[in-house]
Amino acid sequence: MPDSEIARILAAFRANAYDVLDLQPGVPDEDIKRTYRKISLLIHPDKSSNPRAPDAFDRLALAHQVLLDEKKRAILDEAIADARMLMMRDLKLTVDSEEVKDPDTVFMGKWKEKVKWVLADNEARRQRQVKAQMQEEGRERRKEEAELTERKRKRDAEVEWEKTREGRIGSWREFSKKGVAAGGDKKKKKMKTLG
């Protein structure tokens, strides 16, 4: 029995915590805790010789945490409700339809598959958002690095300009002295106006 439960948990869709715990959506917290305790005692790695028991136990513990976290459970419940509505739309059913009120195993199987699709789609969308956010952060980081590099280049140019100041001033002084010495004694001639 523990081996079959381990196989069931490992075969369950990982993103659907209800599927991992083999529960229906909307069960109270007490049922979640009771089911978790019962299954965890059955498949605990210390009590099972199955080499896959640790993986199954980790999945079970994660599913338990998700279902006890109100925000994560609300997200999961919303995805399951979306899958139900999509199923009803695909099968052209209404809330009053007999298949919806009293679902058979075929309807439940299709619903379970639709839940997988919705959860996978939600995860893909989340990953695209994360990727876009990371790209935007990368652009901002590159822009900041370019600004820092430009400021450093300007600072370095100012430092170099100041280092050559004495040489520039000295050159100007020598030029001025030569100009005064070469033509400083001569007076400027007045220009005659025409007319």
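Listing for the model above:
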| read-out | value |
| --- | --- |
| Subset of region 112-164 [open to solvent by less than 100 Å² (accessible area, probe 1.4 Å), of a type in the set (S, T, N, Q) and either assigned to a helix (DSSP H, G or I) or within 30 Å of M88 (Cα to Cα) (or both)] | N122, Q135, T149 |
| Residue in region 37-46 that is in a helix (DSSP H, G or I), without any contact (Cβ under 8 Å) to a residue 24 or more places away in the chain, hydrophobic (A, V, I, L, M, F, W, C) and more than 27 Å from A124 (Cα to Cα) present | yes |
| Every residue from region 56-94 that is open to solvent by less than 90 Å² (accessible area, probe 1.4 Å) and either outside any helix (DSSP H, G or I) or of a type in the set (D, E) (or both) | D69, D77, D82, D90, L91, L93, T94 |
| Among (1) in a helix (DSSP H, G or I); (2) among the polar types (S, T, N, Q); (3) touching a residue at least 40 places away in the same chain (Cβ under 8 Å) - the single one N50 does not satisfy | (1) |
| The one condition in (1) in contact (Cβ under 8 Å) with a residue 40 or more places away in the chain; (2) in contact with a helix residue (DSSP H, G or I) (Cβ under 8 Å, 6 or more places away or on another chain); (3) open to solvent by 30 Å² or more (accessible area, probe 1.4 Å); (4) on the phi < 0 side of the Ramachandran plot that I6 fails to fulfil | (3) |
| Pair list, Cβ under 6 Å, 6 or more apart: region 90-115 residue farther than 18 Å from D22 by Cβ, other residue of a type in the set (F, W, Y) and in a helix (DSSP H, G or I) | E99/F107 |
| Residue tally, condition outside any loop (DSSP other than H, G, I, E, B) and open to solvent by 30 Å² or more (accessible area, probe 1.4 Å), over region 9-26 | 1 |
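The values are calculated or read from the model by the stated rules, or taken from the named source; none is laboratory data. This structure is a prediction, so every number in the text was calculated from the model and none was measured. Methodologically, a virtual Cβ is constructed for each residue, glycine included, from the backbone with ideal geometry; neighbour enumeration extends over all protein chains shown. SASA here: full protein model, heavy atoms, side chains in, ligands and nucleic acids out. Shrake-Rupley method; radii C 1.70, N 1.55, O 1.52, S 1.80 Å.
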